[in-house]
Amino acid sequence: MAAGTYVLILFVTGETPASRRQVAELEGLLDQELGSHYQLSVVNVFRDPEAAVRYDVFATPTLLKRLPEPVRRILYGLRDRERVLSGLELEQTWSG
């Protein structure tokens with residue numbers, strides 16, 4: 001994995017239209033802000049509840065930023081662009 005790559009996990013409940021919309025909107029934001037410098041995994045907590053426990057996720061949707069450190073969690077509000085960018089610390093660490 002290249003240096004500067006963001007490693008993210010999005011935890012959702014089920015494979016609903018709302019979950020698919022959240023993934024698409026988040027991918028659009030990440031593509032625009034990070035280009036190809038991110039890896040996004042999507043975890044359906046109904047199918048993989050152990051992953052939610054392993055990463056201490058107790059609410060959905062939750063976006064977990066594993067890298068670059070520090071680890072951060074963004075709960076709910078994933079449609080709020082500024083909140084997501086702030087939670088990912090993009091305004092502080094990403095230099096394009």
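Rounded to the nearest 20, the size of the Cβ-charge dipole of the chain about its Cα centre is 180 debye, with Lys and Arg at +1 and Asp and Glu at -1. So in the chain, what percent of DSSP beta bridges are antiparallel if you round to the nearest 5? The answer is about 55 percent antiparallel. Couplings 3J(HN,Hα) of the stretch 57-74, computed from phi: 9, 10, 8, 10, x, 10, 9, 10, 9, 8, 9, x, 5, x, 5, 9, 10, 10 Hz, in residue order, whole Hz [Karplus 6.51 cos²θ - 1.76 cosθ + 1.60, θ = phi - 60°; x for Gly and Pro].
Coupling constants for the stretch 12-17 follow from the phi torsions by the Karplus curve (6.51 cos²θ - 1.76 cosθ + 1.60, θ = phi - 60°), and in residue order they are 10, 10, x, 10, 8, x Hz; glycine and proline get x.
If you wrap the tightest convex hull around every Cα atom of the stretch 10-75 and split its volume per residue, you get 82 Å³. Of the GluC sites (Glu not before Pro) found in the stretch 12-63, those in coil by DSSP whose Cβ has at most 13 other Cβ atoms within 10 Å are 15.
Available extension along the chain between residue 69 and residue 46 is 5.5 nm, counting 0.36 nm per residue and deducting the alpha carbon span. The simple Förster model, with R0 at 22 Å and r as the Cβ-Cβ distance, assigns residue 36 and residue 80 a FRET efficiency of 0.35. Each Lys or Arg adds one and each Asp or Glu takes one away; over the other residues whose Cβ falls under 15 Å from the Cβ of residue 47, this sums to -1.
A simple spin-label model places pseudo-atoms 7 Å from Cα toward Cβ; at residue 27 and residue 58 they are separated by 3.2 nm.
Only the coordinates and a few stated rules stand behind these numbers; no lab work does. This structure is a prediction, so every number in the text was calculated from the model and none was measured. Don't worry about glycine lacking a Cβ; one is built from the backbone with ideal geometry, like all the others, and counts go over all protein chains shown.
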